[in-house]
Amino acid sequence: MAAQRAALEQAVRVDPTTPDVAWEVANFHLVQDDVPAALRLLGVVIENDPPARLRALRLCWSVTNDAGRVLQVLPAEADPHLDLLRVVLESKDLGAAEAVWSHIARTTLPEMLGNS
């Protein structure tokens, strides 16, 4: 297991922004119950692979059920935030949806409108 961990960590060091590598290593970390490391790597997927973004966000949400933790790994762009809002609404967690929307209103929308 230690050799596998070392090989995966080396893969991330060599290729830190490749979504496929990040996805594989994130899942390894989830199996090891290292959620913070997995979330950081899923953030790489979210930022660099728009077609995989919803899948990565759903995984982030399923392992945390914590909008604040997921928001921390999102890039400063509107689409990932809106996709997270979609994910939490799908889960019918209105409190989380309100938290995500408040975050969008405070941070993402002003930047989109040029009022930062």
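Summary of computed values
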item: Flag for THR108 being open to solvent by less than 50 Å² (accessible area, probe 1.4 Å), out of contact with any Lys or Arg (no Cβ under 9 Å at 6 or more places or on another chain), at pLDDT below 95 and not aliphatic (A, V, I, L, M); result: yes
item: Residue list for region 46-74, filter: open to solvent by less than 30 Å² (accessible area, probe 1.4 Å) and in a helix (DSSP H, G or I); result: ILE46, ALA52, ARG53, ALA56, LEU57, CYS60, TRP61, THR64, ALA67, VAL70, LEU71
item: Test for LEU85: is it over 12 Å from the mean Cα position of the chain (by Cα) and either assigned to a helix (DSSP H, G or I) or surrounded by 15 or more Cβ atoms within 10 Å (Cβ to Cβ) (or both); result: yes
item: Residues located in region 70-83, provided they are touching a Lys or Arg at 6+ places or on another chain (Cβ under 9 Å) and aliphatic (A, V, I, L, M); result: VAL73
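Let's see how each residue does on (1) within 18 Å of HIS103 (Cβ to Cβ); (2) at pLDDT below 95; (3) open to solvent by less than 20 Å² (accessible area, probe 1.4 Å):
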| position | (1), (2), (3) |
| --- | --- |
| MET1 | no, yes, no |
| ALA7 | no, yes, no |
| GLN10 | no, yes, no |
| ARG13 | no, yes, no |
| TRP23 | no, no, no |
| LEU30 | no, no, no |
| ARG40 | no, no, no |
| ALA76 | yes, yes, no |
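Let's see how each residue does on (1) closer than 26 Å to GLN10 by Cβ; (2) in contact (Cβ under 8 Å) with a residue 24 or more places away in the chain; (3) β-branched (Val, Ile, Thr):
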| site | (1), (2), (3) |
| --- | --- |
| GLU24 | yes, no, no |
| LEU30 | yes, yes, no |
| ASP33 | yes, no, no |
| PRO36 | yes, no, no |
| ARG40 | yes, yes, no |
| VAL44 | yes, yes, yes |
| PRO75 | yes, yes, no |
| ARG86 | no, yes, no |
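The values are calculated or read from the model by the stated rules, or taken from the named source; none is laboratory data. Bear in mind that the values here come from a model prediction, so they are computed numbers and not experimental data. Quick reminder, even Gly has a Cβ in these numbers, built from the backbone with ideal geometry, and neighbours come from all protein chains shown. Just so you know, the surface numbers come from the protein's heavy atoms only, side chains and all, with ligands and any DNA or RNA stripped out. Shrake-Rupley method; radii C 1.70, N 1.55, O 1.52, S 1.80 Å.
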